[in-house]
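Working notes, structure below.
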Amino acid sequence: MRKLLLIPVLALAACNSGAEEPSQLTLQELEVPSVVQPSFAIVGIEHEHLARLMQVSPSIYSGAQPHTAAAFASLKELGIKTVVSVDGARPNIEAAALEGLQYIHIPIGYDAISESAGDAFAKVMAEAELPVYFHCHHGRQRGPAGAAIALRASTHCDATTALAVLEAAGTSAKYSGLWRDVEGWMAPRPGKLTAELVSIQELPTFTVKMADLDRTWDRIKLLRKADWESVSLIPETQLLLQQLQDSAGQIPAEYIQDQKLHSGLEEVIGFAERLQRAAEALDKDLLEESYSDLRASCNDCHADYRNK
Ligand code: HEC
């Protein structure tokens, strides 16, 4: 913890926790709401290797995806025993295993938290080794939503307290389904913790491609910050184009007839082609223009098809 700078974000007011050992929670305790007992604070932690790290309770942390060996080592140093990814990308179970960490994959979208995902979060808190680190990609939207439900499941806190996790994480109001489902989460009935916990969940190829190209997009954002001056600019723009073309070849069956989605993908591919040409010519104006068009195109399609 030496490298950590603690920044208290806000105090929790309506949770029952701290005193009891969370790993000993029984099913019954999970289901019977108990007394209100102020105990701990949600704490934002500035960390060298883990972006948006936040301690939500003594047994729950959330943050961005651990990308490096140092990030996994830091999780271990924090005392984390289980890592839960709610992201579409394949969890790096090998890197986690090197630090003795167990991975559990409970992918969710930006539009909603299904009942089975909600049950799975409760099951993690009842059965996995604690503390748990919840992460998505950037640690701002879906990871905190998973952590907020885990908080409800493990402490019986009220909805307002759980929503404070999203507030502390800076979760965007535009993901209204995440806010709604954290607020509306209901504890699973006895015998209903049937969700199967797995370390890698198979997902539709389109989702995985999107998750993968998002990593490339992040690296392109960094290249932009460095004023586009890098030997990896051309390879990265080529990779983005390739990944967008690949996802266009993997449109989910439910959208196969959807002309608007097809044209959205054609449009974004056109912008990615232009970005690549601009990279080859190192034409910074055209790079900027193509970057903005791409970003708008990702956002427009997500507003229609992903976020609600
Ligand atoms: C024409 C539509 C469209 C465009 C353009 C598009 N996406 Fe997506 N994206 C989707 C849909 C639909 C989903 C939801 C897939 C699902 O949940 O199965 C998605 C999901 C995602 C996800 C979530 C993956 C996960 O972990 O579940 C990320 C991240 C993402 N897109 C990034 C991007 C980026 C970055 C761009 C632009 C470079 C982009 N997308 C362009 C339609 C699009």
- [ ] Choose one answer from ALA153, ALA89, ALA253: the residue with the largest mean-square fluctuation in a GNM of the chain with alpha-carbon springs under 10 Å.
- [x] ALA253
Task: Extended-chain gain in nm, criterion 0.36 nm per residue less alpha-carbon gap, ALA97 and ARG219 - done: 41.3 nm
Open item on the list: Just want the ordering: SER116, SER154, from fewest to most Cβ atoms lying within 10 Å of their own Cβ.
Closed with: SER116, SER154
Open item on the list: Using only the alpha-carbon atoms, how far is helix 233-248 inclined from the longest principal axis of the chain? Give it as 0 to 90 degrees, nearest 10.
Closed with: 70 degrees
Open item on the list: Taking the number of other C-beta atoms within 10 Å as the exposure measure, put PHE206, PHE121, PHE72, PHE271 in order starting with the fewest.
Closed with: PHE206, PHE271, PHE72, PHE121
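To the nearest 20 debye, what is the magnitude of the charge dipole of the chain about its Cα centre, counting +1 on the Cβ of each Lys and Arg and -1 on the Cβ of each Asp and Glu? Mind dumping the intermediate values first?
Numbers: 27 positive and 41 negative charges, 101 e Å.
Computed about the Cα centre, the dipole is about 480 debye.
Just to confirm a number: summing +1 for Lys and Arg and -1 for Asp and Glu over residues other than ALA248 whose beta-carbon lies under 12 angstrom from that of ALA248, what do you get?
On the way: positive: LYS209; negative: ASP246, GLU266, GLU267.
Here the charged neighbours net out to -2.
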Task: Listed residue (ILE200, ALA162, LEU178) projecting farthest to the positive dipole end of the range 154-238, Cβ model - done: LEU178
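Report, to one decimal in Å, the Kirkwood hydrodynamic radius for the chain based on all distinct Cα pairs. Don't skip to the answer; put the middle values down first.
Values: mean 1/r = 0.0489 Å⁻¹.
Averaging 1/r across every pair of different Cα atoms and inverting gives 20.5 Å.
Can you put MET54, MET186, MET210 in order of Cβ neighbours within 10 angstrom, beginning with the fewest? Don't jump to the answer; show the numbers that get you there.
Working: MET54 24, MET186 11, MET210 21.
By the 10 Å Cβ count, ascending: MET186, MET210, MET54.
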- [ ] Measure nothing fancy, just the Cα-based angle from helix 284-305's long axis to the longest principal axis of the chain, in degrees from 0 to 90, nearest 10.
- [x] 50 degrees
TODO: Write out the trypsin sites (Lys or Arg not before Pro) in the range 169-211 meeting two conditions: DSSP loop, and at most 16 other Cβ atoms within 10 Å of their Cβ.
DONE: LYS174, LYS192
Task: Helix 115-127 axis, angle to the chain major axis (alpha carbon atoms, nearest 10°) - done: 50 degrees
TODO: Would you mind working out the magnitude of the charge dipole of the range 199-308 relative to its Cα centre, with +1 at each Lys and Arg C-beta and -1 at each Asp and Glu C-beta, to the nearest 20 Debye?
DONE: 260 debye
- [ ] Which order do the peptides 293-299, 161-167 take when ranked by the mean count of other beta-carbon atoms within 10 Å per residue, highest first?
- [x] 161-167, 293-299
Task: GNM flexibility winner over the chain from GLU236, GLU115, GLU254 (Cα, springs under 10 Å) - done: GLU254
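When a/c is below 1.5 the answer is rounded, else prolate if a/b is larger than b/c, else oblate, so apply that to the range 197-308 with a ≥ b ≥ c taken from the square roots of the Cα gyration tensor eigenvalues. Working shown, then result.
Numbers: a/c = 2.21, a/b = 1.54, b/c = 1.43.
Verdict is prolate for the range 197-308.
We did not get these values from a lab; they are worked out from the coordinates using the rules stated. Source: prediction; values computed, not measured. Positions of Cβ are generated from backbone atoms using ideal geometry, with glycine treated the same way; all protein chains shown enter the neighbour counts.
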